[in-house]
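Working notes, structure below.
The values are calculated or read from the model by the stated rules, or taken from the named source; none is laboratory data. Computed from a predicted model, the values in this text were never measured in an experiment. Every residue, glycine as well, gets a Cβ built from its backbone with ideal geometry; the counts of neighbours run over all protein chains shown.
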Amino acid sequence: MSEGLSIGFLELTGCSTCLENVLLHEKLSGILGGLGSVKYWPSHGYTEEPDSLDVLFVSGAVRSRGQVEKLKKLRDKTRVLVAYGTCSIYGGLIGLTALIDASSRSGEFLETVKTVPDIVEPDILVTGCPPTRDQLDELAGVIKDYLENGKPRGKVFIGNRNSLCRDCPRKPRDPYRFEMPSIKRDHELVEDDGRCFLEQGILCLGPVTSSGCGHLCILRGRPCMGCNGPARGVVDQGLNYISSIGSILLKSMERIRMFDYFAAEMDKLVDPMGYLYRYTLPKSLLTELALKKRGVGEK
Ligand code: SF4
Ligand code: SF4
């Protein structure tokens, strides 16, 4: 990379492999390499904090007070801050610890899991675990534009935020009579007939998940687990999901004790929090309520 703009990478808590993707993406690394050089990336030996950064990619969730301070300090000296990957925006898998009482841990730990936008204002947000090539193509264009023409108004969200169901290659047999028979676990599906997973009784988080991933799992015969984060308009991935499958599960059972039936179906979920909030627990309304009840001021 030539001298010029200064580029930084900051890994918070997460696997952080998504950051490596930035450099593996020819177009993005070409733009960054053409315009500047890496000045800060502690885990790769660039430990000295520069006076200013033009672009900073931040991956991972925020778990410690030290990370909060570091993030705030770097925000103040960065032109374009990119919250990169699902963990940085929604907590990701690390977020599953949001409800664990942290009082027995060292004082350095936060009471719960935070996300980058909880602490500082990012300029660009890129979801995905990891973000896809299409998202990186879009990101490359946005960063180039930023650096050449200045900051646009407002935050930029990279990727398609429509729900996965909207363009899903799996279709229900009759969209006007869409019903879910009952909830099955994956191994109980004897033969996948190619219809929508929900119509076959298999839980798929497509209705509440944004489709920037390009249906990666669906195209490989697997239901969605929600790794790309909530679709536009989804406030709480788990609660919105329960509400949407409630309507199709109950349709065929309206005449018989529907709430008992629904509760019994939901009991089939072996790990409800892990299933409904695998990637977004820190942003859940349930987390907010639980923390309030525990007297923890910050969400
Ligand atoms: S629920 Fe899943 S399989 Fe069904 S349409 Fe949505 S994304 Fe496709
Ligand atoms: S289909 Fe769902 S779980 Fe799979 S990559 Fe896309 S958003 Fe993630």
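In the set (1) under 20 Å from ARG177 (Cα atoms); (2) more than 10 Å from ligand 1 (Cβ to nearest atom); (3) surrounded by 21 or more Cβ atoms within 10 Å (Cβ to Cβ), the condition left unmet by SER243 is number (3). Exactly one condition in (1) more than 13 Å from the chain's Cα centre (by Cα); (2) within 15 Å of ligand 2 (Cβ to nearest atom); (3) buried (at least 18 other Cβ atoms within 10 Å of the Cβ) is false for GLY212; which is it? It fails just one condition, (1). Kindly establish whether GLY66 is out of contact with any Lys or Arg (no Cβ under 8 Å at 6 or more places or on another chain) and farther than 23 Å from LEU23 by Cα. Judged against the criteria, GLY66 is a match. Annotation: THR132 fulfils all but one of (1) modelled with pLDDT under 95; (2) more than 16 Å from ligand 2 (Cβ to nearest atom); the unmet one is (2). Take the conditions (1) surrounded by fewer than 22 Cβ atoms within 10 Å (Cβ to Cβ); (2) of a type outside the set (A, V, I, L, M); (3) touching a residue at least 60 places away in the same chain (Cβ under 8 Å); SER6 misses just one of them, which is (3). Quick check, is GLY154 more than 11 Å from ligand 1 (Cβ to nearest atom), surrounded by 21 or more Cβ atoms within 10 Å (Cβ to Cβ) and either among the small types (Gly, Ala, Ser) or assigned to a helix (DSSP H, G or I) (or both)? It is false that GLY154 is more than 11 Å from ligand 1 (Cβ to nearest atom), surrounded by 21 or more Cβ atoms within 10 Å (Cβ to Cβ) and either among the small types (Gly, Ala, Ser) or assigned to a helix (DSSP H, G or I) (or both). Between ASP137, ASP174, the distinction of being more than 27 Å from ASP271 (Cβ to Cβ) and assigned by TED's automatic domain parsing to the domain that holds VAL58 belongs to ASP137 only.
Scan segment 181-209 residue by residue and report those that are more than 15 Å from ligand 2 (Cβ to nearest atom) and within 23 Å of TYR261 (Cα to Cα). The answer is PRO181, SER182, ILE183, LYS184, ARG185, HIS187, GLU188, LEU189, GLU199, GLN200, GLY201.
Among the residues of segment 28-54, what is the count of those that are under 20 Å from ASP134 (Cα atoms), under 25 Å from the mean Cα position of the chain (by Cα) and in contact (Cβ under 8 Å) with a residue 24 or more places away in the chain? So that I can check it myself, show each step before the final result.
Taking segment 28-54 and keeping what is under 20 Å from ASP134 (Cα atoms), we get 28-33.
The next check asks that each one be under 25 Å from the mean Cα position of the chain (by Cα); those that pass are 28-29, 32.
Next, only the ones that are in contact (Cβ under 8 Å) with a residue 24 or more places away in the chain stay: 28, 32.
Here the count works out to 2.
Looking across segment 62-102, the residues that are charged (D, E, K, R) and either at positive phi or in a loop (DSSP other than H, G, I, E, B) (or both) come down to LYS77, ASP101.
Between VAL38, VAL62, the distinction of being touching a strand residue (DSSP E or B) at 6+ places or on another chain (Cβ under 6 Å), in the same structural domain as LEU12 (by TED's automatic domain parsing) and buried (at least 24 other Cβ atoms within 10 Å of the Cβ) belongs to VAL62 only.
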